Amino acid sequence: MAANNRAKVKVAGTYHYVGIKQVSSDTVKIEVSSTPQEATLKIGDTRRFDVNNDSYYDISVKLVSIANNKANIIMKSIHEVVTAETEVEESGKETSAAGETEETEETTSKTWIWIVVAIIVVLIIIGGGIAIKKKR
């Protein structure tokens, strides 16, 4: 994923987003939202996030590699209890609250692609119906 892109993740029936805010040569700043949380990951780092405040980590994000200003990340849905030890471990990894997340260009672009595809399919169906009527 490149900077300003995000993926939708479903946790306990609610959608959340994992987005890339910045990509450098060896780090990536990510944002996990509905309850916005930011973290900076180095290659090989894994972060866990509790997105619904139920004292369980819900999402795990690992930065595998960075190439051509794109981050190769692995996102997993998890259900791990937040303990005092894990809280200390995660808090030592540069996390902060953030403001609202905006729609990314990729999400908007994908929406338009589906709209265009749907319009084309409808036009093909209408064109096929007209062609069949003309043959009769």
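Tallying residues that are over 15 Å from MET75 (Cβ atoms) and either of a type in the set (Asp, Glu) or at pLDDT 90 or above (or both) within the stretch 26-49 yields 8. Scanning the stretch 36-53 for residues that are in contact (Cβ under 8 Å) with a residue 24 or more places away in the chain and among the β-branched types (Val, Ile, Thr), we see that the one that is surrounded by the most Cβ atoms within 10 Å (Cβ to Cβ) is VAL51.
Among residues of the stretch 9-25 being surrounded by fewer than 13 Cβ atoms within 10 Å (Cβ to Cβ) and under 11 Å from the mean Cα position of the chain (by Cα), the one that is nearest to LYS76 (Cα to Cα) is LYS10.
Does ASN68 satisfy the condition of being in contact with a Ser or Thr (Cβ under 6 Å, 6 or more places away or on another chain), modelled with pLDDT of 90 or more and not hydrophobic (A, V, I, L, M, F, W, C)? Judged against the criteria, ASN68 is not a match.
The values are calculated or read from the model by the stated rules, or taken from the named source; none is laboratory data. These numbers come from a predicted model, not from an experiment. Neighbour counts run over all protein chains shown; Cβ positions are idealised from the backbone, glycine included.
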